[in-house]
Structures are given as structure tokens and as C-alpha cells.
Amino acid sequence: MFLFVLMKLMQAKLSIMNRMGYVYLLFCCISLPILEVHPASGSKPNIVIFFADDVGYGDVGCYGATHISTPNIDRLANQGRRFTDAHSASAVCSPSRYALITGRYPVRHGTLWSPIFLRRPLVIDPDRKTIADVAKAGGYATTCIGKWHLGFGTKTPTVWNAELKPGPLELGFDSFFGIPVVNSHPPFVFIENHRVLGWDPEDPFVYKKTAKTRIFDEKFGINEIGGADAAHALYDDEQVGTELVKRADDWISEQSKKDHPFFLYFASHAIHHPFTPAPRWKGSSKAGPYGDFMQELDWMLGEIMRSLKENGVDDNTILIFTSDNGGMLNRGGQEAIRRGHRLNGEMLGFKFDAWEGGHRVPFIAKWPGHIPSGTTSDALVSNIDLMATVAAVSGQTLKADEGPDSFNLLPALTGKEHTPVRDHLLIAPARESNLSLRKGDWMYINAQAGGGFGAKKVGEHAFGGPAAFPFTGNKNSDIQDGKIIEGAPKTQLYHLGRDPRQSTNVIRDYPEVAKQLKAEMIQIRSQSTAPHTR
Ligand SMILES: [Ca+2]
């Protein structure tokens, strides 16, 4: 009886509180002459992040590509805002994804400079708050579809015959479907939530056995893990794009019928080597297989845009397209260059480099009614900022140690064309020695060259660095005839406002600027959070 009375009293109190809230809300609405649209109030927009792989600054039509046609990405730019100074926080696949998911510089991880492969466990501590955790706490349904590339489980080597956890589901995603590592490295199977699709205990994975999988140029490690024939049979390299898009379409259709918003992190396998678009794309571009794969990627984005529209959620969805790092001078990239395509536009260097070509990437955002359509911004932004942006969109405040290096991009997305949200960015290439700091227009690189790929001959998969300059036509004052000049400065400084192509290392003209940037770089690295308030 006492309990019953207590419950009634509590209900009455809650009811009064609800009414007070309603009166307060009414008061707020009346007192504001212009009702500002605040993302935290009313229905929250859905969020879709289309994270492309190895798409360089020059691979997209609206960024200057002429040998590759990207009508869907261009349409997104016409309907939204295109950023010209956007960067992945790392020039390498896995650390770049780490930055996006955790809002934390990958350098803070300690050992995450290179891509990780099949034996490596999950590189994100499940106790760390992620972008998916933030979305979930904001009432969003969450999923990851596509390439994961951040490891599974806690054991080395990874036990592919067991449940693959912790993984995306332990980092805040309600579900996961996609490729475990990367399309160039095994295992060549799909994962659905905690399991390999088609896995059978009678047909287990076996390390150091040759996998039954299709052979393509620049597809590696086929002898590293085999067995699981049924699981391998479900993975056809040329159908991966079609399958991922179908899964995304199904998920969007399902979520659009529900009364909560959704967060889709779609990480495309394209255009990472091997270049395996569906047969209908072969020969479709003027840049060889590289361009054909890019055109399939554009189609994939178009399919997601179509799905949002057909499900009636297009107007209430923030759609962001960007890439995990710059274009790579692999064999596909070399052929594209031979055919006259510029993977990274006029930017210096390639994927893995601290030079701009390694990390300056396309970044386009659309949100009808909030992001002015057809606009361009030269504000400095990064994929590491998406976590704080998701927090802001869903009306949440991050603690200092949650997404510590992430800045809210909303002002740059919705405001005037140049609205700065950050004045600096720590950028990690593949080699720790070349860690860099961007500050305003200045870019400081803590060693010679780009710190990326360095194979010396045309035709090699890892062709890059100074040796590639005669082939690519890149020019830099420290480099001549494919080599670093004797007596060239040990570190680099560029003023990107005056010299976006990084043709001239001006470190000897501005030693004080370089000294200051180096000190800041060391300081940011030594602190647990970025020097900012939000
Ligand atoms: Ca990549």
C-alpha cells in the first residue's frame, strides 16, 4: 500500500515537471524573435559519414579531375559545402580511422603509425569513448558498414575461428557488416557483427595456408591465412562495392521507419588497391583501373544518396563525404598518372607522406536548410573533428578526455564561408620522424622528405618519395634528379597560403617560426589533450 502511494506521488511529481518543461519551452519559443534552429532541440538529423579509402585531392571532378567522372560527388558539392583545406589526421589508413572513431590523435596511441594487418588485435580501448558511443548516447541507432581495419579481439595473433570481440560492437556500433582488414590483405571474407560470414567450425581458418580467393595485381598475403573455404567463396572482390551499398540501403530503409535518428559510418573499400570495380565499370574512365574504381565509388555514394531520398530522410540527414588519406602512387596510380590524371591535384607527395598529397583530402558536407548549398570553404578541418561534431549535433558536451583532439565543425559547416574551428592540426605520416604540425598557413615537417613510401623504381607497388619526382613531375627545392640535395635543411617549413604546392622549403628564412612550431608540436604530443577549449 505504502509503495502504491509512493508511486502515485512520484507520477504526480513527474507530471508536474513535464508540464513545467512544456511551459518553459513555450516561454523560450515566445521570447526568441527568430527561432534559431538548434540541433539539440526537435528531431535530430540522421548522420551519414561516407569515408572513402585512398581518394586523393585531385580524384574528384569538383576538385579538378578531368579524366575521372564523379557526378554524384559533384552533386553533393552543389547541394552542400566543399572544403579545400580538409585533412585526414594521418596519411595512413588505420591511424586515420583511429582518429575519426576516437577523436584522438593517433600519435597518442603510442605505436599506431602503419596499417595494421590480420594478426593485430583491436587498437582502440573499448573503455574509450568513440564517435559511435556519442551517437548512441544521443539516441541514435548506429552501424558501421565497410572496411574496419582497426583489429578485433585481444589476442595476437587474432583468432579468426572465435567470436571477433571486442570489435565495432564493443565500441558503440549496434551492428557491423564489412571487410575485417583491407581489400588488399587477408582474410578476404565478410564479417557480420561478431562472426565471419559463412564460417563453419568444420571448415576453420588456418594460418599460413593459401586462401581460395581470386587473384588480382596488388592483392597481397593470399598465403597468410586459408581454410574457411565457404566463407571465402562469399567474398568476390568485384562485388564488394555492390554488396556494401545493398547493406547500407537495407539499413537506411529499416531505420527510416523508426522514430529515432540514425548514424551510419560507411567506410568504402574503394579506391584502395587492388582495383576491382564491378565489370560494368571497367574501361569507364580515362584513368585506367584506378579511375574505373573511382567511378564505382562515385556510384556507391550516389546509391546512398538515392536511398536517403527514397526513404524520405534526405532533408533531415547530414551527409559527409571524405577520405582516409591521399592518393597512392601504386601501380594503378602510376598508370592513372601516365594517362594524364593527377591523383592529388597539384599537391606534393602521396598517401603516407607528411606532404600535402598525403593527407589533404576532399571533404564535402550536405545538410539541407542548414549548410548553404553550392558553397566552398577554405577553413582548416579534419576527420578527427567528426566526433565533436556528432556530439554538437546531438546536443551533447564532451568531457576533456573524450575525443580530446576533436573540434566541433558545425560553425564551419553552417556558418559563413570561412569560419575557423581550429588553427592547428597535428598530422601523422607513416614515419614517426616526419610528424608535422599545421598552424595557420604554416606547415612544419620534422624531417626531410615526406616520410612515406620510398620504393625507387617505376612499376614498384610502393613507388614514392623523392625518387618518384621525375615520374610525377613534382618539384621541391630540397630535391633534384630524384634525390635530396646535399646540404638540404634537415626539417621543412612551408607557407601554404603562398606556396600550396610546397615547391620551396623556407625554413632557413623563418627559423623562429619553425622553432615555435616544433615546440608546439612537442607540447601537443606530450599533453593528453589538444590546447583548446570547446
Ligand atoms: Ca587509405
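What follows is calculated from the coordinates using simple rules that are stated; it is not laboratory data. Just so you know, these numbers come straight off a predicted model, no measurement behind them. All Cβ positions, even for glycine, are placed from backbone atoms using ideal geometry, and neighbour counts span all protein chains on display.
Worth pointing out:
- Residues whose amide H comes within less than 5 Å of that of Ala141, counting only those at least five positions distant or on another chain, are Phe262, Phe263 (H built at 1.01 Å from N in the peptide plane).
- Nonlocal amide H pairs with Ser382, under 5 Å, H built at 1.01 Å: His87
- Here region 155-175 is scanned for amide nitrogen atoms under 18 Å from the site 7 Å beyond the Cα of Glu254 along Cα-to-Cβ, giving 168-175.
- Percent of Cα-Cα distances greater than 38 Å, calculated over the chain: 27
- Order by protection proxy (mean Cβ within 10 Å, highest first), peptides 382-391, 410-419, 286-295: 382-391, 286-295, 410-419
- Karplus-derived 3J(HN,Hα), 6.51/-1.76/1.60, for each residue of region 518-525, Hz, glycine and proline x: 5, 4, 5, 4, 5, 5, 4, 5
- Listed pairs Lys208/Lys286; Lys399/Lys439; Lys129/Lys155; Lys147/Lys351 exceeding 28 Å between Cα atoms: Lys208/Lys286
- Compactness index (Cα Rg / 2.2 N^0.38 Å), region 432-526: 1.12
- What the phi angles of region 236-246 give under the Karplus curve with 6.51, -1.76 and 1.60, with θ = phi - 60°, is a coupling list of 10, 3, 7, 10, 4, x, 4, 5, 4, 5, 4 Hz, glycine and proline written as x.
- When both bridge partners sit in the chain, DSSP labels roughly 50% of those beta bridges antiparallel.
- Working note: Karplus 6.51/-1.76/1.60 with θ = phi - 60° gives region 102-108 the couplings 9, x, 10, 4, x, 4, 6 Hz, where Gly and Pro are set to x.
- Amide H contacts under 5 Å for Thr376, placed H, 5+ residues apart: Arg82
- Cleavage-rule hits, GluC sites (Glu not before Pro), region 92-192, DSSP coil, Cβ neighbours within 10 Å at most 14: Glu163
- Nearest 10 degrees, 0 to 90: helix 288-310 Cα axis against the chain principal axis: 10
- Taking label positions 7 Å along the Cα-Cβ direction at both Asp315 and Asp401, the computed distance is 4.4 nm, reported to one decimal.
- The chain: angle of helix 2-31 to the longest principal axis, Cα-based, in degrees nearest 10: 60
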